[in-house]
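Here the structure is laid out as structure tokens; the discussion comes afterwards.
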């Protein structure tokens, strides 16, 4: 490598992620394996800061590490990843919408259960049942 390089602690400080996270990103193929110092320490090119920032921003936007890896692979192949990012965002939006629908159903079920609990008198709960409010339709 030419110019100044960064040890993992310096990269962690510069990017706001832990060294453990950086090693994990490397294991997942999101970061290329860095050169090593004579002592065996990871020695990063400072340009990697931008890549880590992208990973963090993409995670904050809701993309999975798998999806982020796909986007990075497109860029690493020398192509602009915009179309792929659009596809990934559509995929994630679909996942989130499905989760929201499921959460709404769960919320509605919990509200009905809470309502039944408000109507029940614990004295009317037979010893053979665990909780009538839960088992009652």
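The values are calculated or read from the model by the stated rules, or taken from the named source; none is laboratory data. Nothing here was measured: the structure is a model prediction, and the numbers come from that model. When we count neighbours, we look across all protein chains shown, and the Cβ atoms used for this are built from the backbone with ideal geometry, even at glycine.
Looking only at residues in the range 45-68 that are out of contact with any helix residue (DSSP H, G or I) (no Cβ under 9 Å at 6 or more places or on another chain) and assigned to a helix (DSSP H, G or I), the one that is nearest to residue 11 (Cα to Cα) is 50.
Kindly indicate whether residue 8 is surrounded by 17 or more Cβ atoms within 10 Å (Cβ to Cβ), touching a strand residue (DSSP E or B) at 6+ places or on another chain (Cβ under 8 Å) and not assigned by TED's automatic domain parsing to the domain that holds residue 136. Steps first, answer last, please.
Details: surrounded by 17 or more Cβ atoms within 10 Å (Cβ to Cβ): yes; touching a strand residue (DSSP E or B) at 6+ places or on another chain (Cβ under 8 Å): yes; not assigned by TED's automatic domain parsing to the domain that holds residue 136: yes.
Taking the combined requirement at face value, the residue satisfies it.
Just wondering, is there one or more residues in the range 11-26 that are in contact with a strand residue (DSSP E or B) (Cβ under 7 Å, 6 or more places away or on another chain) and assigned to a strand (DSSP E or B)? No, the conditions are met nowhere in the range 11-26. Just one of the numbered conditions (1) free of Cβ contacts under 8 Å to residues at least 40 places away in the same chain; (2) under 30 Å from residue 17 (Cβ atoms) is not true of residue 132: (2). For the range 112-124, the tally of residues that are surrounded by 10 or more Cβ atoms within 10 Å (Cβ to Cβ) and either more than 44 Å from the chain's Cα centre (by Cα) or not in a loop (DSSP other than H, G, I, E, B) (or both) stands at 6.
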